Amino acid sequence: MNRSGFFLFAYLPELILSMIFALSGVWYLIFIPALMIGVIFAGRELKASLAGLFAAIGILLSIVIYQPSYRISEASLLAGVIGIPLGPVIVLLILFILSFLLAFLGTEIGSTSRNWKS
Amino acid sequence: MSFTGSKKRFIVSIVSLVIVLVMISVSFAGIPSLYKLLNPSSGAIAPGTSPYSPGVTETTVTINGEISSITVNSQADGFIGIASSNTRGVYYEQGYLEAQYRLEEMTILELTSQGNLSSVVGPSALSMDIFYRELMDNQIAQEELNNLSKTGSTYLDLQYFVDGINAYISNLNPSQYPILFKLLGFSPHPWTVKDILEVQQLFLWENSAGGLDPIYFNYALEKMPENVIRAFYPAYPAGIQNPIVPYSVNPSVYNEHGDISNLSLYTPSWNNTSSPSILTESSSINVDGLSLSQLLTSMRYPYQDFGSNDWAVNGPLTNNQSALVANDPHLTTSVPSIWMGFQLVAPDQNVVGVVFPGFPGVILGHNARVGWGATNGQVQETYFYAEKTSPTNPYLYYSNGSWMHFAVYNETIKVAGSSSVLLSVMRADNGVVVENGNSPIAMDWTGLSPSYELTFFLHIDRTNSVLQFQQNASEYFRVAIQNWAVADISGNIGIFPYGEYPIVERGNPRGILPGTGEYNWAGFIPISQEPYLYNPARGFVFSANQITVSSNYPYYIGWDYESGYRADEIHLLLNSTRSFNTAKMESVQLTIHDYTTNIFLPELLDAMTQSHYGNSTVYQDLSKWNGNMDINSTAATIYYYWIQNYVSGVFTPYMKYYNITTADGLGNVSFFLGSDDYYHGPLIEDLVNWTLNHPDIQWFSNPITGAHGTSSTAMMAALNQTISNLNSRYGQISSTWEWGNIHKRYLSSLFGINSFNTPEIPAAGDGNTINAAYGTLSDFGPSWRMVANMSHAYTGVGIYPGGISENPLSIYYDNNFEPWNDGIYYRLIPVTAPAQFLYMYPGGANP
């Protein structure tokens with residue numbers, strides 16, 4: 001599968017499913033679709049890091065598609081309460097990194113499980 | 001990829017995923033798990049709820065099967081008008097809207113009053129919870145609830161209000177919770193009428209003057225000889241006094257024999273170190289109470305009200321045209337504000353003003369016929385007793401010749417992130433034990449029995465005259481005595497510091513009294529002898545937390561008042577102004593002239609001349625100054641620091657000499673050089689008296705070094721210290737010394753979160769100006785300003801700092817801050833309001 005194919009059938013679904021999970025209130029379960037994609041595309045040149053990246057972008061898109069400025073301000077407020085510097089940056093960065101890790105690890109588990117069984 | 005490599009990656013990935021999942025699922029340090037907190041659809045960055053939006057809306061609600069049509073007029077200035085054809089609709093909607101815009105604030109109040117704050121915020125609130133459990137809010141609120149008729153108007157109004165709160169809460173989903181709830185992992189629960197009564201108890205405590213003062217003052221009584229106590233702490237202040245109810249204006253309340261002649265106000269009635277026969281037994285009572293020092297340092301008073309102004313004018317001051325009233329209660333200026341503004345319109349009611357979130361009705365404001373304001377009475381409402389407990393049974397205390405059992409209330413305080421704390425609250429017939437070390441100390445407080453101030457508030461919202469207001473005050477307002485200044489549509493005015501004034505028949509109530517029974521309250525001052533004024537010939541009544549009565553009042557009612565300089569300024573302005581209208585009332589309310597400059601400044605300039613400072617820049621600056629604490633005045637800065645240095649310079653050596661320590665309250669209370677000592681309490685009044693009348697008195701001399709001093713030497717020492725400090729901090733005198741560069745206001749977060757504070761802005765005034773701004777970085781001052789001309793009350797004006805919303809991201813969070821600091825007033829009933837909001841006024845329609 002070429003790069004466009006991976007984008008259409010692996011990374012884009014990863015992004016969309018992440019958005020759907022985020023909007024459904026179960027963002028932390030994004031490792032499940034990632035795992036499934038990993039299983040489906042195991043043995044091919046699927047890059048788990050790219051899958052994780054698209055999933056994390058999907059999570060952030062779920063924030064910016066509705067009341068973006070308000071929610072970025074909320075992140076800043078949260079940072080202020082907890083005492084984290086740089087306004088909203090670190091809060092959103094933590095969310096991004098965690099989302100990336102969940103999807104990346106899900107994809108890794110999916111793809112390596114099939115390889116391992118075979 | 002090798003089999004082994006894939007297996008290793010698989011296992012490492014699974015382990016890593018489990019670690020990440022565990023990591024985001026675990027709560028830490030009271031903060032909810034990251035998967036909850038960062039959840040884009042329900043966490044702290046979830047979409048917001050409907051923001052506050054000015055405009056008129058119509059709604060219909062069904063309450064107990066009956067339909068109420070409601071009109072809501074949401075204004076940008078922090079006020080919401082509610083009009084309905086029935087009372088239940090009004091209070092229901094008020095409860096709903098208070099919850100909608102102030103749920104965090106209401107919840108914090110509720111938890112505080114119940115002694116449950118630590119169940120949400122953790123051990124940091126434990127000492128406060130213990131204290132509020134000891135105040136028995138829960139038990140007293142239950143008694144109040146039991147006593148309320150379930151078909152009476154108070155209960156029904158409270159129930160409608162609670163129904164409205166709960167209607168809002170029940171429609172909330174977690175994604176709509178305020179940010180603090182999300183951070184604390186807290187879910188709101190339905191309110192009850194009892195919850196409102198508990199919040200009433202909190203309000204009463206925080207507005208009860210005296211507090212723990214007798215415990216502190218007992219140290220002075222123990223450590224200082226009687227002649228020093230008489231000189232420093234006279235039972236009637238030595239400074240210039242304009243009492244609220246002077247003998248010359250209403251001698252009728254000075255008729256009784258009273259109790260004050262039986263009291264010994266300059267010697268201790270109980271001595272902590274010299275009463276081994278009574279209280280040296282080590283108590284083994286199972287109370288997880290605080291030590292005295294812990295108790296004294298742990299108290300926080302978010303609603304502390306110890307400085308306010310109100311006055312009313314009529315007759316000769318208004319050309320017999322009308323009666324006007326003004327009020328500005330000084331409280332913490334916070335965000336969210338401690339107030340919410342409402343106009344409540346129902347049949348026979350059209351009231352507008354402010355209320356504490358969690359209460360129904362309006363507390364301060366006006367209706368179509370009567371306007372009112374309040375200042376704290378600052379009379380003593382807490383009395384302390386050293387209990388004598390049995391050597392063999394610590395649950396027994398000695399009272400009036402026999403051993404009595406303490407009533408014991410076992411409490412469990414849940415603490416977030418820690419184990420629960422068990423507490424046994426003990427109550428004697430003279431109070432609740434608030435300190436249970438070697439010598440149990442009980443505090444008696446007028447709020448320890450049921451009272452119905454909420455009924456008072458609900459009644460005055462519909463009152464028709466000053467006399468009817470007076471009747472309600474005498475009947476229902478018992479605790480947290482306020483100086484109620486009132487004016488009505490018929491041109492009457494009055495002031496009513498009504499409430500329960502305890503009578504003790506012996507001993508020294510300024511300190512700790514023996515708890516053996518003879519010193520207990522013997523009753524209360526009869527209502528006929530309580531101070532008040534009604535339509536005095538001079539045409540005004542006023543209060544600014546100054547002393548209530550003249551020195552010949554026959555009852556002891558307290559001694560630690562505001563020093564009286566705001567009152568002196570108001571007295572001066574009311575005496576010198578005629579043809580009062582709204583604008584002139586506003587002008588008085590915004591005055592930033594410090595009355596103490598009338599007293600001290602000429603003396604200071606004289607001392608400077610004598611000391612050959614007459615040509616100095618500082619002298620030139622001070623000599624040209626008018627005493628206004630303007631933001632562009634450098635003299636204001638010099639004077640502000642000078643007066644504080646004058647007070648501390650004279651009295652600090654004596655505090656050291658008599659070994660008054662921080663643990664005794666040094667620096668914490670005004671009479672021990674607290675930060676408020678230049679506007680509150682006796683020390684500044686002593687200096688006024690000595691400076692004007694006894695400049696060579698011995699107290700200007702240093703008891704430690706023996707150096708002789710006079711008022712002049714003390715004033716110059718204070719000035720030198722002031723200039724030296726200002727030079728080192730701001731350089732030579734220049735625009736950097738201007739008051740506005742040094743003195744600022746801000747609105748502090750009610751929840752103590754610094755990032756929620758507003759920016760600081762330059763501010764005029766100080767602690768002695770009518771437009772008060774205490775401290776150099778002030779979050780304490782006029783929390784509400786109102787002026788109403790009762791001849792046409794619909795033109796009444798007012799403002800409170802902050803805004804309607806507690807959401808820091810709302811533009812209505814702090815939108816009134818700068819207008820308030822700039823002295824702007826808003827018309828409380830806007831001219832654009834729908835006709836039903838002018839009900840009972842010309843052009844109004846039925847709600």
Note: B:42-52 gets an average of partner chain Cβ contacts (10 Å, Cβ to Cβ) equal to 5
Kirkwood estimate for chain B, i.e. one over the average of 1/r between Cα atoms, Å = 28.6 Å
For each of B:K223, B:K388, count neighbouring Cβ atoms within 10 Å of the residue's Cβ, then give the residues from fewest to most.
-> B:K223, B:K388
Relative to the first principal axis of the alpha-carbon coordinates of chain A, what is the inclination of helix A:48-64, with its axis defined by its Cα atoms, in degrees from 0 to 90 and to the nearest 10?
-> 40 degrees
Can you give the extra length, in nm with one decimal, that the chain gains between B:S675 and B:S248 once fully stretched, where that is 0.36 nm per residue apart less the Cα-Cα distance?
-> 150.3 nm
Mean separation of Cα contacts under 8 Å (6+ apart) over length of chain B, as relative contact order % | 17 percent
For B:V335, enumerate residues with amide H under 5 Å from its amide H, sequence gap 5+ or separate chain, H modeled in the peptide plane.
-> B:S748, B:S749, B:L750
Once the piece of chain linking B:N147 and B:L777 is laid out straight, how much longer is it, given 0.36 nm per residue of separation minus the C-alpha distance between them?
-> 222.3 nm
For region B:649-664, in residue order, the Karplus 3J(HN,Hα) values (coefficients 6.51, -1.76, 1.60; θ = phi - 60°; whole Hz; Gly and Pro = x) are x, 6, 9, 4, x, 6, 4, 5, 4, 9, 6, 7, 10, 4, 5, 7
Each label sits 7 Å from Cα toward the beta-carbon; between B:S623 and B:S187 the label points are separated, in nm, by 7.4 nm
What Kirkwood hydrodynamic radius do you get for region B:61-125 when you take the inverse of the mean 1/r over all pairs of distinct Cα atoms, in Å?
-> 13.9 Å
Taking the dipole of the protein assembly as shown about the Cα centre (Lys, Arg +1; Asp, Glu -1; charges at Cβ), the one of A:A34, B:S74, B:S402 that reaches farthest to the positive side is A:A34
Other protein chain Cβ atoms within 10 Å, averaged over every residue that makes up B:118-129 | 0
Identify the GluC sites (Glu not before Pro) of region A:33-118 meeting these criteria: DSSP loop state and at most 15 other C-beta atoms within 10 Å of the C-beta.
-> A:E45
Dipole size in debye (nearest 20) for the protein assembly as shown around its Cα centre, Lys and Arg Cβ +1, Asp and Glu Cβ -1?
-> 3400 debye
In percent, how large is the relative contact order of region B:694-847, given Cα pairs closer than 8 Å and 6 or more residues apart?
-> 11 percent
For B:L364, other-chain or 5+-apart residues with amide H closer than 5 Å (H placed, Pro excluded) are B:V354
For B:R745, which sequence-distant residues (separation of 5 or more, or a different chain) have an amide H within less than 5 Å of its own amide H, given hydrogens modelled in the peptide plane?
-> B:I761, B:A763, B:S778
Estimated FRET transfer efficiency (B:V56, A:I20; beta-carbon r; R0 41 Å; 0.05) | 0.55
Measure nothing but the geometry: give the 0 to 90° angle between the long axis through the Cα atoms of A:12-23 and the longest principal axis through the Cα atoms of chain A, rounded to 10°.
-> 40 degrees
Full-extension gain in nm, B:S449 to B:T49, via 0.36 nm per residue minus C-alpha separation | 139.9 nm
For a footprinting-style exposure proxy, rank B:L687, A:L46 by other Cβ within 10 Å, fewest first.
-> A:L46, B:L687
Calculated FRET efficiency, B:T412 and B:H257, Cβ-Cβ r, R0 56 Å, to nearest 0.05?
-> 0.70
To the nearest 20 debye, what charge dipole does chain B have about its Cα centre, counting +1 at the Cβ of each Lys and Arg and -1 at the Cβ of each Asp and Glu?
-> 1680 debye
Report, in degrees rounded to the nearest 10, the 0 to 90 angle that the Cα long axis of helix A:89-117 makes with the longest principal axis of chain A.
-> 10 degrees
Under a straight-distance cross-link criterion of Cα-Cα below 14 Å, which aspartates and glutamates are reachable from B:K8, leaving out those fewer than 8 residues away in the same chain?
-> A:E108
Per-residue ³J(HN,Hα) for region B:752-765, Karplus 6.51 cos²θ - 1.76 cosθ + 1.60, θ = phi - 60°, Hz, x for Gly and Pro = x, 9, 4, 5, 8, 5, 7, x, 8, 10, x, 9, 7, x
How far is it, in nm, from the label point at A:I90 to the one at A:L8 when both lie 7 Å from their Cα along the line to the Cβ?
-> 4.4 nm
Give the residue from B:F477, B:S264, B:F181 lying farthest towards the positive end of the charge dipole for the protein assembly as shown; charges sit on Cβ (+1 for Lys and Arg, -1 for Asp and Glu) and the dipole is referred to the Cα centre.
-> B:F181
If you plug each phi of region B:602-615 into the Karplus form 6.51 cos²θ - 1.76 cosθ + 1.60 with θ = phi - 60°, what whole-Hz ³J(HN,Hα) values come out, in order, with x for Gly and Pro?
-> x, 5, 5, 5, 4, 4, 5, 4, 4, 8, 6, 9, x, 9
Which of the lysines could a cross-linker span from B:K744 if the Cα-Cα distance has to be under 25 Å and same-chain partners fewer than 8 positions apart are dropped?
-> B:K624
Which whole number in µm²/s is D for chain A by Stokes-Einstein, with the Kirkwood Rh taken over Cα pairs at 25 °C and 0.890 mPa s?
-> 168 µm²/s
Dipole of chain B, positive end: most advanced residue of B:N693, B:G417, B:T389 [Cβ charges, Cα centre] | B:G417
For the protein assembly as shown, just list the percent of Cα-Cα distances falling in each 20 Å bin from zero outward, please.
-> 13, 39, 33, 12, 3, 0
Per-residue ellipticity at 222 nm for the protein assembly as shown, helices alone: DSSP H runs ≥ 4 residues times -39500 (n - 2.57), over residue total, nearest 500 deg cm²/dmol?
-> -11500 deg cm²/dmol
Which ordering of B:R478, B:R827, B:R785, B:R9 is given by a fewest-first count of other beta-carbon atoms within 10 Å?
-> B:R827, B:R9, B:R478, B:R785
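We did not get these values from a lab; they are worked out from the coordinates using the rules stated. Predicted model only: the values in this text are computed from it and were never measured. Every residue, glycine as well, gets a Cβ built from its backbone with ideal geometry; the counts of neighbours run over all protein chains shown.
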